[in-house]
Amino acid sequence: AALAALPENVRAKKMEAVMSGILKRLQERGVTPSSTHVSMPEPSRPPPLPSRQQQQQQQQQQQQQVEALEPVGAAELCGDEPWYASEHIRSHLRRLVTAAHAEQKILVRTPAEEIKRICPVSGRTLGAGAVLRMGGSHHGGYGESDINYAYRQLARALHPDKNPHIPEAPDAFKRLSEAADEVREGLADSRKVVQRLAEVMGVKVTPEMLERPQGALLAEALRLFAAVLGVTGEGKVPKEVLERSLANFSAAAHGCKCSAAAIAEKWFVSGDLLDTLSSTAVRDAYDCAPKRHRAQFLCALNRVSKAEAQQNENCMRGTWQKVLAQFPELNIWHELLHKLRGRIWTIPDDVQSEETVSENCDPKVSTWAQNWRRVISDVLPCGMLEAIPHTDKEVRRLAAALWHDMTMWADKECDVSQHFELFKFERGPAAAEAMEWAFIPATDLLLLVGEGMVGCSAEGLFTAEEKSGRRSFYAARRAHGLAPKRGLSAENTEEQRNTKRAKLNRGPTKVVILTNMVGPGEVDSDLEQETAEEASKYGVLKSCQIKESVGAPDNEAVRIFLEYEKTDHASKAYADMNGRYFGGRAVKARFFDEERYAQGDLERRIPSRVLLVTNLVGAEEVDADFQDETADEACKFGKLRRCIVKMDGVHADKAVQIFLEYEHAEDATNALAHLNGRLFGERTVKAKYFDEHMFEKQVRCHQ
């Protein structure tokens with residue numbers, strides 16, 4: 001039970017025992033208290049401490065990794081990405097806030113409407129921020145200039161001298177002045193909180209951080225949470241692993257400039273930091289933040305509270321009640337975690353706790369969870385050897401796939417639409433269509449599904465199991481039968497095979513292509529007009545184009561394209577012109593793909609030994625094994641000499657370019673017939689011949 005539920009005198013005594021328990025456990029984990037501060041003992045076999053220069057280099061590398069992260073799982077943010085430690089990202093966020101204020105000016109209604117809004121008939125008092133229309137994620141924060149601007153705009157409309165006919169005008173104007181003073185006081189409080197958090201974390205406060213302090217406040221609060229969780233550890237953390245993590249604490253991704261001992265003392269011994277989190281300034285910063293950062297804050301706050309409870313036999317400081325009261329959204333997250341836990345553990349009916357399942361009730365891990373736990377074990381390294389950062393590519397892929405699996409199950413089995421709104425992507429006028437989630441709670445998921453196996457420290461994530469090496473996520477998923485075949489190894493469904501067959505054997509189209517009507521060099525200015533007049537006899541002709549290909553065989557050098565209004569008209573032209581003699585030549589007619597014609601793709605596909613295959617897989621699906629897998633499958637179409645996979649990164653459907661070089665052009669042609677237009681999931685594979693000389697240049701660049 002919470003300490004707040006106890007009488008004051010009992011709580012005081014209990015608090016002493018709680019604090020003693022905290023310090024005792026910290027001592028066991030590598031932190032020892034002294035008379036004035038909490039210090040770190042030397043481990044029995046201390047790992048080598050990095051130099052200050054090495055620590056700075058590690059932090060710079062981690063910041064660069066965060067800045068270079070690409071979205072995964074259709075989410076803006078995945079897991080505990082330490083964006084708050086990157087000055088580049090934070091500067092960008094500040095610029096967005098400035099731009100939002102410049103674009104979204106205060107829209108003042110008529111005086112009567114504004115007065116009614118500020119002094120409603122119901123008699124309720126409108127909040128100060130609501131009066132001035134300050135705060136909210138649409139702006140992202142505010143400062144003095146924003147308050148003054150909003151006050152001036154509204155004061156002009158509400159001044160009693162301008163509205164003598166409205167009796168409530170003086171009261172509305174008075175409330176406006178009071179609200180402006182309240183918001184200014186809140187702004188001053190926010191700056192004090194930023195300065196306090198920065199002082200604790202050893203971070204220098206800049207004027208830019210204090211101009212509109214809400215963003216900086218949330219960032220420093222997240223940095224504090226990361227540091228506290230790094231001190232306590234989460235999940236299954238062996239003592240040796242925590243000792244190593246604490247010894248390298250100052251080089252962690254959170255960018256904290258002080259020691260683990262200082263964080264432990266200021267968080268667990270001093271109560272002012274927890275009091276700070278219960279202030280309205282923190283809630284105001286939360287409301288001003290983008291949704292992805294709000295969700296990340298909620299998850300981290302929940303884990304910090306859970307870490308303290310686990311340190312003290314489910315006892316928490318009474319101030320936590322005030323903190324949790326500021327963020328009622330945590331109740332929704334707790335309910336969702338409880339529902340998700342139901343898929344992981346087979347728990348007896350008489351056990352209803354959300355906390356770690358008691359050993360006495362003999363819970364069993366579900367088959368679904370067992371499979372995912374094997375994948376997690378393969379992807380994460382052994383904690384005794386190393387830990388990997390939250391920004392690791394394979395960890396993010398794992399978390400995104402696990403989250404997708406969880407959400408698909410929950411949508412069918414549970415009524416959790418409200419719960420998932422905490423993490424849903426907020427769509428706006430300029431929102432990215434591909435985004436579905438604002439935030440994926442990666443660390444929370446891995447600790448939940450990998451309970452008793454997964455650990456997390458200041459260094460990152462790991463598994464407590466003894467093993468060597470790790471697999472990529474896709475390799476691990478395939479090894480345990482959780483992934484469908486991908487790329488060329490994927491089998492088409494019957495429906496997809498029928499679609500492909502229909503495409504290869506398609507009926508008439510509106511476009512007819514004529515070849516061998518004239519030879520190379522015989523195209524003159526009158527040929528197009530003459531051909532169009534002749535072709536118009538069969539129906540309404542929309543266009544006629546002539547394309548001459550240099551170096552092509554004589555009977556394929558000149559290609560004439562006839563586009564008709566209707567398919568029936570094209571069919572008549574095909575039936576009459578195919579095999580017809582023109583100037584001693586037997587004309588060949590065939591139907592042409594309408595989409596290719598519309599895109600202007602009129603070039604003859606000249607066979608070569610090299611194919612370029614695109615839209616086979618997404619960039620996130622490529623790992624160390626993908627090239628070898630693709631080569632093995634491509635050998636089915638002929639003798640393959642080389643397979644090279646190149647990452648483009650510009651166009652989504654061309655992000656992964658696969659070059660297949662065959663021994664003979666006939667093999668490449670066979671592969672083209674099987675691959676081009678093949679359906680895999682929601683992807684339509686594109687394959688085309690590629691110039692052999694250009695391919696050799698690509699090979700040299702690739703090497």
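Structural remarks
- Identification of helices (runs of 4 or more DSSP H) wholly contained in segment 84-148 with 3 or more residues that are loosely packed, with under 14 Cβ neighbours inside 10 Å yields 87-103.
- Odd one out for E234 among (1) within 30 Å of A464 (Cβ to Cβ); (2) among the acidic types (D, E); (3) surrounded by fewer than 19 Cβ atoms within 10 Å (Cβ to Cβ): (3)
- Considering the conditions (1) within 25 Å of F462 (Cα to Cα); (2) polar (S, T, N, Q); (3) at pLDDT 75 or above, T356 is excluded by exactly one of them, (3).
- Some residue of segment 601-609 being closer than 23 Å to A475 by Cβ, open to solvent by 60 Å² or more (accessible area, probe 1.4 Å) and among the basic types (K, R): no
- Residues that are open to solvent by less than 30 Å² (accessible area, probe 1.4 Å) and either at pLDDT 90 or above or assigned to a loop (DSSP other than H, G, I, E, B) (or both) were ranked within segment 62-79; the one that is farthest from L398 (Cα to Cα) is L77.
- Residue that is surrounded by the most Cβ atoms within 10 Å (Cβ to Cβ) [pool: residues in segment 311-341 that are of a type in the set (V, I, T) and closer than 16 Å to T280 by Cα]: V323
- Residue pairs whose Cβ atoms lie under 9 Å apart, separated by 6 or more positions or on different chains, with the first residue in segment 525-540 and under 15 Å from T515 (Cα atoms) and the second in a helix (DSSP H, G or I) and open to solvent by less than 50 Å² (accessible area, probe 1.4 Å), are A535/A573; A535/M577.
- The single condition from (1) open to solvent by less than 10 Å² (accessible area, probe 1.4 Å); (2) closer than 24 Å to K542 by Cβ that V613 fails is (2).
- Looking only at segment 490-518, residues that are at pLDDT below 85 and over 15 Å from H569 (Cβ atoms) come to 17 in all.
- Selection within segment 385-423: residues that are outside any helix (DSSP H, G or I) and of a type in the set (V, I, T). The member of this set that is nearest to I344 (Cα to Cα) is V416.
- Among (1) at pLDDT 75 or above; (2) of a type in the set (G, A, S); (3) under 11 Å from N615 (Cβ atoms); (4) open to solvent by 10 Å² or more (accessible area, probe 1.4 Å) - the single one G677 does not satisfy: (4)
- Segment 519-532, residues that are modelled with pLDDT of 90 or more and acidic (D, E): none
- The residues in segment 240-260 that are among the charged types (D, E, K, R) and outside any helix (DSSP H, G or I) can be counted, and the count is 1.
- Residue match in segment 559-578 (condition: open to solvent by less than 60 Å² (accessible area, probe 1.4 Å), under 12 Å from T515 (Cα atoms) and part of a loop (DSSP other than H, G, I, E, B)): no
- Residue count for segment 199-208, restricted to those that are closer than 20 Å to A226 by Cα, open to solvent by 10 Å² or more (accessible area, probe 1.4 Å) and assigned to a helix (DSSP H, G or I): 1
- Out of L246, L298, L242, L229, sole residue that is under 23 Å from the mean Cα position of the chain (by Cα), within 24 Å of E465 (Cα to Cα) and not hydroxyl-bearing (S, T, Y): L229
- Some residue of segment 151-158 being open to solvent by 10 Å² or more (accessible area, probe 1.4 Å), among the basic types (K, R) and in a helix (DSSP H, G or I): yes
- Checked against the criterion of being assigned to a helix (DSSP H, G or I), at pLDDT 85 or above and within 32 Å of the chain's Cα centre (by Cα), the candidates Q657, Q627 yield just one match: Q627.
- In segment 579-603, of all residues being without any contact (Cβ under 8 Å) to a residue 24 or more places away in the chain and assigned to a loop (DSSP other than H, G, I, E, B), the one that is farthest from S543 (Cα to Cα) corresponds to G584.
- Test for D392: is it among the charged types (D, E, K, R) and either at pLDDT below 90 or in contact with a Lys or Arg (Cβ under 8 Å, 6 or more places away or on another chain) (or both): no
- Residue in segment 112-125 that is nearest to G186 (Cα to Cα), counting only those that are touching a helix residue (DSSP H, G or I) at 6+ places or on another chain (Cβ under 6 Å) and aliphatic (A, V, I, L, M): I118
- Top-ranked residue of segment 604-624 - restricted to ones that are of a type in the set (D, E) and assigned to a helix (DSSP H, G or I), ranked as modelled with the lowest pLDDT: E620
- Contact annotation: residue pairs with Cβ atoms under 6 Å, 6 or more positions apart or on different chains, pairing a residue in segment 457-478 that is under 17 Å from L445 (Cβ atoms) with a partner that is of a type in the set (K, R), are F473/R397.
- Criterion: more than 26 Å from the chain's Cα centre (by Cα), within 22 Å of V97 (Cα to Cα) and open to solvent by 40 Å² or more (accessible area, probe 1.4 Å) - qualifying residue of R191, R196: R191
- Among residues of segment 281-310 being surrounded by fewer than 21 Cβ atoms within 10 Å (Cβ to Cβ) and among the polar types (S, T, N, Q), the one that is farthest from D444 (Cα to Cα) is Q310.
- Pairs, first in contact (Cβ under 8 Å) with a residue 12 or more places away in the chain in segment 180-196, second of a type in the set (S, T, N, Q), C-beta under 8 Å, six or more apart: G186/T280; D189/S279; D189/T280; S190/Q214; V193/T276; V193/S279; R196/T276
- Just one of (1) open to solvent by 20 Å² or more (accessible area, probe 1.4 Å); (2) at pLDDT 85 or above; (3) outside any strand (DSSP E or B) fails for Q545. It is (3).
- Where a residue in segment 407-425 is among the small types (G, A, S) and its partner, wherever it lies, is part of a helix (DSSP H, G or I), with Cβ under 9 Å and at least six apart: A410/L336; A410/K339; A410/L340; A410/R343; A410/H419; A410/F420; S417/D411
The values are calculated or read from the model by the stated rules, or taken from the named source; none is laboratory data. Predicted, not measured: the structure shown is a model, and the values here were computed from it. Every residue, glycine among them, receives a Cβ derived from its backbone with ideal geometry; neighbour counts consider all protein chains shown. When the accessible area is computed, the model is the full protein with side chains, heavy atoms only, and any ligands, DNA or RNA have been set aside. Shrake-Rupley method; radii C 1.70, N 1.55, O 1.52, S 1.80 Å.
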